[in-house]
1. Which angle between 0 and 90 degrees, to the nearest 10, do you get for helix 109-119 versus the longest principal axis of the chain when only C-alpha atoms count?
2. In whole Hz and in residue order, list the ³J(HN,Hα) couplings for segment 151-161 that follow from phi through the Karplus curve 6.51 cos²θ - 1.76 cosθ + 1.60, θ = phi - 60°; x for Gly and Pro.
3. DSSP loop (so not H, G, I, E, B), at most 15 other Cβ within 10 Å: list which trypsin sites (Lys or Arg not before Pro) in segment 78-171 pass both filters.
4. In segment 10-42, which trypsin sites (Lys or Arg not before Pro) are in a loop and have at most 16 other Cβ atoms within 10 Å, using DSSP for the loop call?
5. Against the longest principal axis of the chain, how steep is helix 75-85, in degrees 0 to 90 to the nearest 10, with axes from Cα atoms?
6. Show the residues, 5+ positions off or on another chain, whose built amide H is closer than 5 Å to the amide H of residue 58.
7. Any chance you could look up the accessible area of residue 36 with a 1.4 Å probe, heavy atoms only, rounded to 10 Å²?
8. Accessible area per residue for the chain in Å², computed with a 1.4 Å probe and the full protein assembly in place, what is it?
Amino acid sequence: MEIGGDALKTNITTLSPLVLPISEQLFFFATLIRRHFSGGNKSNKSKTSSSPSSKPYIPEYKLAFEHFCVHAASRAVLDELQKNLELSEDNMEASRMTLHRFGNTSSSSIWYELGYLEAKERVKSGDRIWQIAFGSGFKCNNAVWRSMRRVRRPSGENPWLDCIDRYPVRA
């Protein structure tokens, strides 16, 4: 998971300035500066580097996105991403329900998750959706979407239509 985590950090570092509000970018930048001057980047870890003031700032991604589709590889992966990105249970519902119903379908799980959100009629005009998927080895990819319209009745090909009324379940 560590290698995947490094790939995700690289992707997030590239994506963040493009999607986060300027206030979140400034908080993040200020934290980096504070860590640099407090010695938090030294290879020899000191007490300063573990102090709360040197803790890296986790941007509030919920300000940039209304919906999250996180690769449903396993419960452990979802738990770790939820914790590290500080996402709520509601933010993770589509991912957890996709894992429950379909299992690990590799990176295609993000499309089942989008289908879940559409079948629940949660996608409104202007909503922003962040899809995060992992591939074999070191690969990680992100897609950002903005809904052009409210999704009221998903197409008949949505894989959730036959059972959406039974979800979410307690997983």
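The values are calculated or read from the model by the stated rules, or taken from the named source; none is laboratory data. Worth saying up front: this structure is predicted, and the values here are computed from it rather than measured. Note: ideal-geometry Cβ built from the backbone for every residue, glycine included; neighbour counts use all protein chains shown. All accessible areas refer to the heavy atoms of the entire protein, side chains included, with ligands and DNA or RNA removed. Shrake-Rupley method; radii C 1.70, N 1.55, O 1.52, S 1.80 Å.
1. Once rounded, the angle reads 60 degrees.
2. After applying 6.51 cos²θ - 1.76 cosθ + 1.60, I find 9, 8, 10, x, 4, x, 8, 5, x, 9, 4 Hz.
3. Working: sites: 83, 96, 101, 120, 122, 124, 128, 139, 146, 149, 150, 152, 166, 170; in loops: 120, 122, 124, 139, 149, 150, 152, 170.
Filter output for segment 78-171: 124, 139, 149, 150, 152, 170.
4. Details: sites: 34, 35, 42; in loops: 42.
Hits after loop and neighbour filter: 42.
5. Helix 75-85 and the main axis of the chain meet at about 50 degrees.
6. Excluding prolines and chain starts, which carry no amide H, there are no hits.
7. 110 Å²
8. On the way: 10370 Å² over 171 residues.
Value for the chain: 61 Å² per residue.
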